[in-house]
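Below is one structure, written out as structure tokens; comments come after it.
Nothing in this text is a laboratory measurement; each read-out follows from the coordinates by a stated rule. This one's a predicted model, so the numbers in the text were calculated from it and none came from an experiment. FYI the Cβ positions are ideal-geometry reconstructions off the backbone, even for glycines, and counts take in every protein chain you see.
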Amino acid sequence: MAALIAENFRFLSLFFKSKDVMIFNGLVALGTVGSEELFSVVAFNCPCSPARNYIYGLAAIGVPALALFLIGVIWNNHTWNLVAECHKRGIKNFSAAATFLLFGSIMGRAAVAPVTWSVISLLRGEAYICALSEFVRPSSLDKFPAEYGAEVLARFPCKDMPANLTKFRDEVTRRLRYESQLFGWLLIGIVAVLIFLTKCLKHCCSPLSYRQEAYWAQYRSNEDKLFRRTAEVHSRILAAKNVKHFFGFVALDKEEKELVQEFPVEGVQPSPQWNAITGVYIYRENKGFPLYSRLHKWAKGVEGNGPSPEGHEMLFLAS
């Protein structure tokens, strides 16, 4: 049973670490939908009070969206590559188009969860109804009693009102839900058009053929997997050597002993090498031959990150 559970967790881990952008974005969207549903059921509670409804309703939509956006920015590898690039080398080697596309890539990936949250919130309508019920003009409601005003309208989302206003509550709720869902569908349409135009622009401006771009994506993914795996083994062996030097022995299991014997580690890589392979990478060609990553460029001994006269430049948008 333990082995089965471990295997399932391993599968889920690999699945969530998939480099396929569509799968990743789909998972983020599904997770956001589930979170929004849970929030609506458990946490959302309209105060039904004038001046408070508006703030609470907008906060219920905007604050979680902002938090999800910031989390998306933090989790994006491009963010920290950009930070490292600005810290070590600045962005003088980037063209304006490359810089714009880089920020667009970070913002676009980070926007998946907050846009999903906003769309689901608008389609459900509870937050929108809570926020705007007090702003419905009584004169727009047929035969609405003149003695009632915004204070009563603000209590409509909680069904806390005189019995003779029930039919007006249903009309206000239906009207606001219609507006909320309309905005939700419009947001979906706008986002879909933007995604389509972005994909078209990306492929039209790419100096690579479709097959070479697919190969580049496969190379990045494989390089990242192998680098992480090798770095984990290297750090483990180096740690074992240092622990043994301190204590005189090191307690290793069978697998670790085999790793130490099979892969001798003499030392660590100097900081200039780490700096050379860290940061944002712009696609380059050296004398007609592609350089697919900073590690690839370092391995080929190519210096600098500026565009050569015969070279091409394209920001990679996938992580």
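For the stretch 50-58, backbone phi angles converted through the Karplus equation (6.51, -1.76, 1.60; θ = phi - 60°) give residue-by-residue couplings of x, 6, 8, 4, 4, 5, 5, x, 5 Hz, Gly and Pro being listed as x. Packing here is the average count of other Cβ atoms within 10 Å per residue, and on that basis the peptides 281-293, 264-276, highest first, run 281-293, 264-276.
Cα centroid separation, the stretch 193-216 to the stretch 94-169: 36 Å.
Provide the net charge surrounding ILE195, with neighbours chosen by a C-beta distance below 15 Å and charges set as Lys +1, Arg +1, Asp -1, Glu -1. In short, +3.
The Kirkwood radius of the stretch 210-300, taken over pairs of alpha-carbon atoms, gives through the Stokes-Einstein law at 10 °C and 1.306 mPa s a diffusion coefficient of 101 µm² s⁻¹. Checked against a 32 Å cut-off, the cross-linked pairs LYS254/LYS297; LYS202/LYS225; LYS199/LYS287 give Cα-Cα distances beyond that limit for LYS254/LYS297. Equivalent ellipsoid of the stretch 243-290: semi-axes from √(5λ) of the C-alpha gyration tensor, largest first, are 38, 15, 9 Å. Dipole size of the stretch 210-300 about its Cα centre, with +1 on Lys/Arg Cβ and -1 on Asp/Glu Cβ: approximately 340 debye, rounded to the nearest 20. Residues whose amide H falls under 5 Å from that of ARG284, counting only those 5 or more places apart or on a different chain, are LEU291, with hydrogens built in the peptide plane. Across the stretch 170-251, the fraction of Cα-Cα pairs farther apart than 19 Å, rounded to a whole number, is 71%.
Summary of packing: across the peptides 251-260, 68-77, the per-residue average of other C-beta atoms within 10 Å ranks them, highest first, as 68-77, 251-260.
When the square roots of the Cα gyration tensor eigenvalues are ordered a ≥ b ≥ c, the ratio a/c for the stretch 36-205 is 1.5 or more and a/b exceeds b/c, which makes its shape prolate. Label separation (ALA163 vs LEU182): 3.5 nm, computed from points 7 Å beyond Cα along the C-beta direction.
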